[in-house]
Amino acid sequence: MTSAFRPGSHTGVTVSDDGQTVYLAHLPAGPILVLEGAAAVIWDEGTTAPAEGWVERVAASVGEPSAAIWADVEAFVSDLRERRLIEDGPPDA
Amino acid sequence: MATHEATEVPTAGASVPLEVRIGFAHASLQWIADRCGADLLHVKGAALDPTLVPVRGYSDADVLARPGQVRLLLDELRGHGWELINSFAYGSSFEHSATLRHKDFGLLDLHRIFPGTGPDPEAAFDELWRDHTTVTLGGVECAVPSRDAQAALLLLHAARGGKDPKAALDVEAVWTSVDEAQRDRIRAWVDRLDAGLGFSVITGTLEDHRDDPAYDLWRVAALGGTRVEEWRARVRAAHGLRGKVGVAARSVLVNVEHLTIVRGRPVSRGEVLAEFFGRPARGLREQLRRRGRKREGDGA
């Protein structure tokens, strides 16, 4: 079972103890990015298996219908992909 | 959607806790080491096994590099935003580490030796590397010494901590309060690392090593001393005439790197000259104060 996406090979990740904040670092030279609120939820669900239904899980977490958040989620994930913070597909063996 | 880029001066709502930055410092180092083929062990601080000392703060990242690969690593680090702010010769009386700073990840101590291990740093590193394990820091698997080796290293670090309360807590947690089986495992590592002299501070047997050239270095580190005593100890511990002359020369030169950090700006030629003449005077004043205190103590 795989997740929708995974951290890039040049991405450092730290999640706060309360799970509310995700810190990402471009390795090896920075910068550090901070994901809070819905952004942190998208990261959490997108990197957690299974990939199937992950946007629905985000929608349930934020109390909105999937259709209402789909475009924002898509744009956010595209942004992460452009910044090379995430990669698609299963982790390297 | 709340995504913030946490630059050198974090914006409101995008602050990054120090321990997160330090975790990423370790991750950055491991990333660089992996790509340039260098062996690196993450020690103390965030890399410390949490079962050794449950609550222990830290303010920087410490890594021990394979001695023969230190130059390679330093060159790579400087190419990835790490700025050298204190070189090995001026780092401490043991001349064991260089300090680097990164605008996002903070401070890093790059060790070429771990004080107390030796006398062959490469052999000591090999011993630690042989039993190393990994821990995830900043999302990256980082190489760390085995738990018992970490305990031995922490005690060697505490041995030169003088009256530092943190060192006393480390000794209590890692040595005083553990059972004999754990102490035996730590002693085995002390033997493997040829670390008897430094470890004798922990067991209160430093005086058994009076004839060792590095005895004074450990005595000053453990019990305190003046600048003059520290430099004398460094000269005595240095290997060969050339090494001794090198240390003696550094004792009177000004560490411009350090002075720049202290002043927070580039220093002028005049300030370097003032420091050059001021430091021996400070050393002399310390020596006189110490002698004065000793005389008062003798008279009491």
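Tabulated data
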read-out	value
Estimated vicinal HN-Hα couplings, Hz - the range A:53-60 in sequence order (Karplus 6.51, -1.76, 1.60; Gly, Pro = x)	x, 5, 5, 4, 5, 4, 4, 5
Angle in degrees between helix A:66-82 and the longest Cα principal axis of chain A, rounded to the nearest 10	10 degrees
Length added when fully stretched, A:ARG81-A:ALA68, from 0.36 nm per residue minus Cα-Cα	2.5 nm
Rough spin-label spacing in nm, given labels placed 7 Å along Cα→Cβ, for A:SER16 and B:ARG183	4.5 nm
Accessible area of B:THR117 in the full protein assembly, 1.4 Å probe (Å², nearest 10)	30 Å²
Spin-label model distance (nm) - B:LEU72 vs B:LEU84, 7 Å beyond Cα toward Cβ	1.8 nm
Sites B:HIS132 and B:ASP208 - FRET efficiency at Förster radius 35 Å, r taken between beta-carbons, to 0.05	0.65
Accessible surface of B:PHE24 - all protein chains present, 1.4 Å probe, nearest 10 Å²	0 Å²
Per-pair calculated FRET efficiency, R0 = 35 Å: B:ASP194 and B:THR51 via Cβ, rounded to 0.05	0.85
Rounded to the nearest 10 Å², the accessible area of B:LYS166 at probe 1.4 Å	80 Å²
Cα-centre dipole for the range A:5-84 with unit charges at Cβ (Lys and Arg positive, Asp and Glu negative), debye to 20	360 debye
Efficiency of FRET between B:LEU223 and B:LYS103 - r from beta-carbon atoms, R0 30 angstrom, step 0.05	0.20
Computed [θ] at 222 nm, deg cm²/dmol, chain A (DSSP H ≥ 4; -39,500 (n - 2.57); rounded to nearest 500)	-11500 deg cm²/dmol
Solvent-accessible surface ranking, highest first, for A:GLU36, A:GLU52, A:GLU45 at 1.4 angstrom	A:GLU52, A:GLU36, A:GLU45
Assigned charges on the beta-carbon of Lys, Arg, Asp, Glu; the range B:138-215 dipole about Cα centre (debye)	200 debye
Pairwise centroid distance, computed over Cα atoms, of the range B:154-198 with the range B:95-124, Å	19 Å
Neighbouring partner chain Cβ atoms per residue of A:32-43, average, 10 Å criterion	5
Solvent exposure, largest accessible area first (probe 1.4 Å, DNA, RNA and ligands not counted), of B:HIS111, B:HIS132	B:HIS132, B:HIS111
Listed residue (A:SER3, A:SER66, A:ALA25) projecting farthest to the positive dipole end of chain A, Cβ model	A:ALA25
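The values are calculated or read from the model by the stated rules, or taken from the named source; none is laboratory data. Values in this document were obtained by computation on a predicted structure and should not be read as measured data. Counting neighbours? That spans all protein chains shown, and the Cβs are built from the backbone with ideal geometry, glycine included. Only protein heavy atoms, including side chains, enter the accessible area calculation; ligands, DNA and RNA are left aside. Shrake-Rupley method; radii C 1.70, N 1.55, O 1.52, S 1.80 Å.
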